[in-house]
1. Given the criteria touching a residue at least 40 places away in the same chain (Cβ under 8 Å), closer than 29 Å to THR229 by Cβ and open to solvent by 10 Å² or more (accessible area, probe 1.4 Å), does ARG112 qualify?
2. Any residue in the range 6-19 that is under 22 Å from GLU374 (Cα atoms) and under 38 Å from the mean Cα position of the chain (by Cα)?
3. Could you list, in sequence order, the residues of the range 24-54 that are open to solvent by less than 20 Å² (accessible area, probe 1.4 Å) and outside any helix (DSSP H, G or I)?
4. Considering only the range 66-78, I want to know if a residue exists there that is part of a loop (DSSP other than H, G, I, E, B), surrounded by fewer than 14 Cβ atoms within 10 Å (Cβ to Cβ) and out of contact with any Leu (no Cβ under 6 Å at 6 or more places or on another chain).
5. Taking the range 285-313 only, how many residues are open to solvent by 50 Å² or more (accessible area, probe 1.4 Å), touching a residue at least 40 places away in the same chain (Cβ under 8 Å) and within 19 Å of ALA348 (Cα to Cα)?
6. Can you tell me which condition GLU396 does not meet? The list is (1) closer than 21 Å to ILE94 by Cβ; (2) surrounded by fewer than 23 Cβ atoms within 10 Å (Cβ to Cβ); (3) within 22 Å of the chain's Cα centre (by Cα), and all the others hold.
7. List pairs: first in the range 54-81 and of a type in the set (Val, Ile, Thr), second at pLDDT below 95 and open to solvent by less than 60 Å² (accessible area, probe 1.4 Å), Cβ under 6 Å, 6+ apart or cross-chain?
8. Please indicate, with yes or no, whether at least one residue in the range 250-273 is surrounded by fewer than 20 Cβ atoms within 10 Å (Cβ to Cβ), under 19 Å from MET362 (Cα atoms) and either modelled with pLDDT of 80 or more or among the polar types (S, T, N, Q) (or both).
Amino acid sequence: MVQRQFPKPVELLELMQFKKPELNGTKRRLDAAYTISDLRKIAKRRTPKAAFDYTDGAAEGETSLARARQAFEDVEFHPDVLRPAAEVDTSVEILGGPSALPFGIAPTGFTRLMQTEGEVAGAGAAGAAGIPFTLSTLGTTSIEGVKAANPHGRNWFQLYVMRDREISYALAKRAAEAGFDTLQFTVDTPVAGARLRDKRNGFSIPPQLTLGTIVNAIPRPWWWIDFLTTTKLEFASLSATGGTVGDLLNAAMDPTISYEDLKVIREIWPGKIVIKGVQNVEDSKRLIDHGVDGIILSNHGGRQLDRAPIPFHLLPTVVREVGRDATIMVDTGIMNGADIVAAMALGAKFTLIGRAYLYGLMAGGRAGVDKTIEILRSEIERTMKLLGVASIAELEPRHVTQLTRLAPMPRSDA
């Protein structure tokens, strides 16, 4: 029979420890985030709908994005047992330089509209973590501003070829002069995708006040205070704004870009050049023949052509066909460190995160970006230890099976 007694106060103090309250609201929110999905929920609460949906949304029915995320979820890992991996090395060599983690920050447009610290927070966090940061042509901080925020880290520049070619060429030259070491030439945006959330929200640059936006802003006054009391948006390339994001893209981009543009840019750019937005094996081979240093398998985060190929599914075939001749990277749909581990196991040399970084930025500015990197680092390390691998180099295709829900039907011309 259980014997009962009155608890002694001293014993109660030993058994029950009261948690010290955290008075810093940002830290309290971020401490409660354990996954990128948690950061997304915080970001959604703290950001006006139009700005959040611009980040969160994709093109048309958003099928491309959903399929890309599903592809990472449909991964089966195959761990090795009795292979100690108490300490793991997450570092890689990528495009002639080091990265402490097998991922970098992808280029994102209009970033300071998400949260006022924008690219400065992203570049600073990337530099502190020892990973590359990529500035978009449509970024809201200048090339020189990013360099100042990340003076000793690796900065990359993403380039669109615009209707006025000289604007693009001048940007590439400025980035080279500022010490950016890699150029991401994006080729999947001859015209803007149909981003229907933006159209429905009336999202424009600069933001337009309507009754709906005012009502949505009432519970989020901090966003508007930050927006209205900080430095005016500075675009890396656009000298004039006004209209929806699609309007701006269509006015700036040129659907006639071709391999001739790649040739000119290759002559201008002194560092490494990678092509972002590759979506089939044939283009991968053709680009290698044109002397590029790397390829980023990407469907632009599902924001351009809906129902586009799934980059993660393309990865093994592209690596097999051209992986010996160029650096193969992948983006779109990465929301967990395990996604990154799976990509590296199947032959990717590097990965890039976009929305995951922006969710952290919207959730807590620079501290939120640091939290994004911390979450992904922890997930990568834990997944590697559970697989029994001590370094990224030890990851092999045998560690991963890609399960698929979409089996292609035979083509009539096959």
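1. Working: touching a residue at least 40 places away in the same chain (Cβ under 8 Å): yes; closer than 29 Å to THR229 by Cβ: yes; open to solvent by 10 Å² or more (accessible area, probe 1.4 Å): yes.
Yes; evaluated as a whole, the condition is true for this residue.
2. Of the residues in the range 6-19, the ones under 22 Å from GLU374 (Cα atoms) are none.
So far as the range 6-19 goes, no, none of its residues is under 22 Å from GLU374 (Cα atoms) and under 38 Å from the mean Cα position of the chain (by Cα).
3. ALA33, THR47, PRO48
4. Scanning the range 66-78 turns up at least one residue that is part of a loop (DSSP other than H, G, I, E, B), surrounded by fewer than 14 Cβ atoms within 10 Å (Cβ to Cβ) and out of contact with any Leu (no Cβ under 6 Å at 6 or more places or on another chain).
5. If we filter the range 285-313 for residues that are open to solvent by 50 Å² or more (accessible area, probe 1.4 Å), which is where we start, we get 285-286, 289-290, 305, 307, 309, 313.
Subsequent filtering for residues that are touching a residue at least 40 places away in the same chain (Cβ under 8 Å) retains 305, 307, 313.
If we keep only those that are within 19 Å of ALA348 (Cα to Cα) too, we end up with 313.
So the answer is 1.
6. It fails just one condition, (3).
7. Cβ pairs passing all conditions: THR55/MET114.
8. No; the residues of the range 250-273 include none that is surrounded by fewer than 20 Cβ atoms within 10 Å (Cβ to Cβ), under 19 Å from MET362 (Cα atoms) and either modelled with pLDDT of 80 or more or among the polar types (S, T, N, Q) (or both).
The values are calculated or read from the model by the stated rules, or taken from the named source; none is laboratory data. The model shown is predicted, which means the values in this text are computed figures rather than measured ones. Here Cβ is always computed from backbone atoms with ideal geometry, including for glycine, and neighbour counts include all displayed protein chains. Keep in mind that these areas ignore ligands, DNA and RNA; they rest on the heavy atoms of the full protein, side chains included. Shrake-Rupley method; radii C 1.70, N 1.55, O 1.52, S 1.80 Å.
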